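A short write-up of the structure that comes next.
The values are calculated or read from the model by the stated rules, or taken from the named source; none is laboratory data. All values reported here derive from a predicted model rather than from experimental measurement. Every residue, glycine among them, receives a Cβ derived from its backbone with ideal geometry; neighbour counts consider all protein chains shown. For the accessible areas, the whole protein counts, side chains as well, though only heavy atoms, and no ligand, DNA or RNA atoms are used. Shrake-Rupley method; radii C 1.70, N 1.55, O 1.52, S 1.80 Å.
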Amino acid sequence: MPLSHKCLLTLAYCLLCVTNICQAGDTRPNVVLFLVDDMGVMDTSLPFLTDESGSPVRHPLNDYYRTPNMERLAERGMRLSNFYAMSVCSPTRVSIMTGQNAARHGTTNWINPTNNNRGPCGPEDWNWTGLGDEQVSLPRLLSAAGYRTIHVGKGHFAPRDYAGADPKDVGFDRNVAGHSAGHPGSYYGTKNFKNGPNDKVHAVPDLEAYHGEDIFLTEALTREAKREVSEAVAADEPFFLYMAHYAVHSPFQSDARFAEHYKQSGRKKPAQAYATLIEGMDKSLGDLLDHVESLGVADNTLFIFLGDNGGDAPLGGAHEIACSAPLRGKKGSHYEGGMRVPFIAAWAKADADEPNQAKLPITAGAIRSEVASVCDLMPTLLEVTGVTAPTNHPTDGHSLSPLLSGQADPARRDTFLMHYPHSVHRSDYFTIYRNGNWKVAYHYYPEDTPEKVRYELFDLSVDPSESNNLAESEPEKLTEMMSELLAELERQGAKYPTTRDRSGVVKPKMPGGTPN
């Protein structure tokens, strides 16, 4: 009887990873990938933006939020100040799992749990079903190599009637609370983590033990993560924990443990609630750091901390310099506030004599300004764990190891592409491309944008707030940047918006009106 494609794929993984296991031995590092939903680069007391010398600079929002455990982690490791995610959540999550840019993997919009949400002119053939049960993925590779792969929190990899809705089908050995929905019905255990008795879509699964209890969702997930890690350590298995908090996504419900800290802030209640979500997430980070220390594995556990898209704090409009100030925009927008996120990498406990730390010595208390993105996580973590990806799986990322070790990387391109051929969101039907300090934004339907322009060009070194559009005054630079943007879209096989009547596709035009 012939083997199915799925069986052959599984066999290939096993054959590939037997070598990986033998090479790595029994001292492979543990990994905690700590992902925060809707957390932008300014949603923290830890400064990420830097001055001309590369030193971090505090801004008013850094004095509003309280994230002492992010500060604690940063003291032990490396911050990246120009780290990018996609502007909405599902594209980022698929990029983390695959090492591919959204323009390549095709999940270019957030996944609706129940239907195709391409938008009126979205691509007919975009990957709205997300990850499946046969795709190459980071957890699948690590699991085949002998890691215990643990998913806790938000999944949002696929709609609910498709395989990837269950993180176990994406490659995780264990799953707690992950399903197709992108936000919780409620953060409150007293509400059973759902929005009313008939909530079938956003009710958080697997947490029945906490139903009716006065407990916040972030705390319940942290307890479950600690339990899963304890079991992995007891079994003497290296673990990969994907700690994907639902926080700080809406609904903006106040975490009573921290509410008193913001009552005198002068900000409205939704903004105060958002700040409590931030602080609760930070407590979770500290609890996990303490937990691996108590288990005696801190010196062999790598923490990676990041957000999944720009911030969504209820502090001003989508295109204003407000919730991400001094950056412009917020989640879903084409501005920096829509896609710049915090990034920290550190060993939970520094020990220069620990073999894995000797292989990846992360510079403590440092910050670097190179452009990097979520596409870099898969190649970085595969390198750290000694696991090899199939040669026929293309990736768009590059290992972060040199940067984390405080070294320049001549092989790294200082570029980032973000492609959003959909509506309706804070910005619609756009592609942005960054190269060094320059950034171009292309609008497929400029008549629908507040600015009524097709091109926006910014020099971020002198205009980090994206307030001075140089598209008309710098025509040569605009042409150069658009040429690179077009080349990247084609290299990655991007899908484009359609015409209004859906009879054809709309590709970017070069300045001067020449179609690509």
Residue check, residue 82 against (1) in contact with an Asp or Glu (Cβ under 9 Å, 6 or more places away or on another chain); (2) part of a strand (DSSP E or B); (3) surrounded by 24 or more Cβ atoms within 10 Å (Cβ to Cβ); (4) not aliphatic (A, V, I, L, M), all met but one. Which one?
-> (3)
Flagged pairs (Cβ under 9 angstrom, 6 or more apart or on separate chains; first in region 236-252, within 15 Å of residue 40 (Cα to Cα); second open to solvent by 10 Å² or more (accessible area, probe 1.4 Å) and aromatic (Phe, Trp, Tyr)) are 247/216
Quick one: in region 384-408, which of the residues that are within 19 Å of the chain's Cα centre (by Cα) and either over 18 Å from residue 344 (Cα atoms) or of a type in the set (D, E, K, R) (or both) is most open to solvent (accessible area, probe 1.4 Å)?
-> 395
Of the residues in region 155-178, those that are in contact with a Pro (Cβ under 8 Å, 6 or more places away or on another chain) and either within 21 Å of residue 253 (Cα to Cα) or of a type in the set (A, V, I, L, M) (or both) come to 155, 165, 170, 177, 178
Pairs where the first residue, in region 424-437, is under 14 Å from residue 110 (Cβ atoms) and open to solvent by less than 10 Å² (accessible area, probe 1.4 Å) and the second is modelled with pLDDT of 95 or more and not in a strand (DSSP E or B), C-beta under 6 Å, 6+ apart = 427/333; 427/334
Could you tell me whether residue 168 is surrounded by fewer than 22 Cβ atoms within 10 Å (Cβ to Cβ) and more than 26 Å from residue 498 (Cα to Cα)?
-> yes
In the list 452, 477, which residue meets the criterion of being touching a Phe, Trp or Tyr at 6+ places or on another chain (Cβ under 8 Å) and more than 28 Å from residue 378 (Cα to Cα)?
-> 477
What pairs come up if the first residue lies in region 202-230 and is under 26 Å from residue 293 (Cβ atoms) and free of Cβ contacts under 8 Å to residues at least 40 places away in the same chain, the second is of a type in the set (Val, Ile, Thr) and in a helix (DSSP H, G or I), and their beta carbons are under 9 Å apart, counting only those six or more places apart or on different chains?
-> 215/190
Do you know which residues across region 457-476 are part of a strand (DSSP E or B), crowded, with 17+ Cβ neighbours inside 10 Å and free of Cβ contacts under 8 Å to residues at least 24 places away in the same chain?
-> 458
Any idea which of 118, 76 is open to solvent by 10 Å² or more (accessible area, probe 1.4 Å), out of contact with any His (no Cβ under 8 Å at 6 or more places or on another chain), among the charged types (D, E, K, R) and touching a residue at least 24 places away in the same chain (Cβ under 8 Å)?
-> 76
Working only within region 216-231, note down all residues that are in contact with a strand residue (DSSP E or B) (Cβ under 9 Å, 6 or more places away or on another chain) and surrounded by 18 or more Cβ atoms within 10 Å (Cβ to Cβ).
-> 216, 217, 218, 221, 222, 224, 225, 228, 229
Filtering region 157-170 down to residues that are in a loop (DSSP other than H, G, I, E, B) and under 18 Å from the mean Cα position of the chain (by Cα) yields 157, 158
Being open to solvent by 10 Å² or more (accessible area, probe 1.4 Å), out of contact with any Gly (no Cβ under 8 Å at 6 or more places or on another chain) and in contact (Cβ under 8 Å) with a residue 40 or more places away in the chain narrows 350, 364, 372 down to just 350
By residue number, the members of region 300-359 that are assigned to a loop (DSSP other than H, G, I, E, B) and of a type in the set (Phe, Trp, Tyr) are 335
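One line per residue, one yes/no per condition, for (1) closer than 21 Å to residue 87 by Cα; (2) outside any helix (DSSP H, G or I); (3) at pLDDT 95 or above:
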site	(1), (2), (3)
402	no, no, yes
407	no, yes, yes
412	no, yes, yes
440	yes, yes, yes
479	no, no, yes
489	yes, no, yes
Taking the stated definitions as given, is residue 190 open to solvent by less than 10 Å² (accessible area, probe 1.4 Å), of a type in the set (Val, Ile, Thr), outside any loop (DSSP other than H, G, I, E, B) and closer than 26 Å to residue 312 by Cα?
-> no
Name the residue, out of 272, 264, 253, that is open to solvent by 10 Å² or more (accessible area, probe 1.4 Å), farther than 25 Å from residue 376 by Cα and part of a helix (DSSP H, G or I).
-> 272
Mind listing whichever residues of region 288-324 are over 21 Å from the mean Cα position of the chain (by Cα), under 26 Å from residue 352 (Cβ atoms) and open to solvent by less than 30 Å² (accessible area, probe 1.4 Å)?
-> 291, 292, 297, 298, 300
List pairs: first in region 258-273 and over 17 Å from residue 216 (Cβ atoms), second in a helix (DSSP H, G or I) and among the polar types (S, T, N, Q), Cβ under 8 Å, 6+ apart or cross-chain?
-> 263/272; 265/272
Is region 412-421 home to any residue that is surrounded by fewer than 19 Cβ atoms within 10 Å (Cβ to Cβ), within 23 Å of residue 90 (Cβ to Cβ) and among the β-branched types (Val, Ile, Thr)?
-> yes
Residue 254 fails exactly one of (1) polar (S, T, N, Q); (2) out of contact with any His (no Cβ under 7 Å at 6 or more places or on another chain); (3) within 30 Å of residue 135 (Cα to Cα), namely (3)
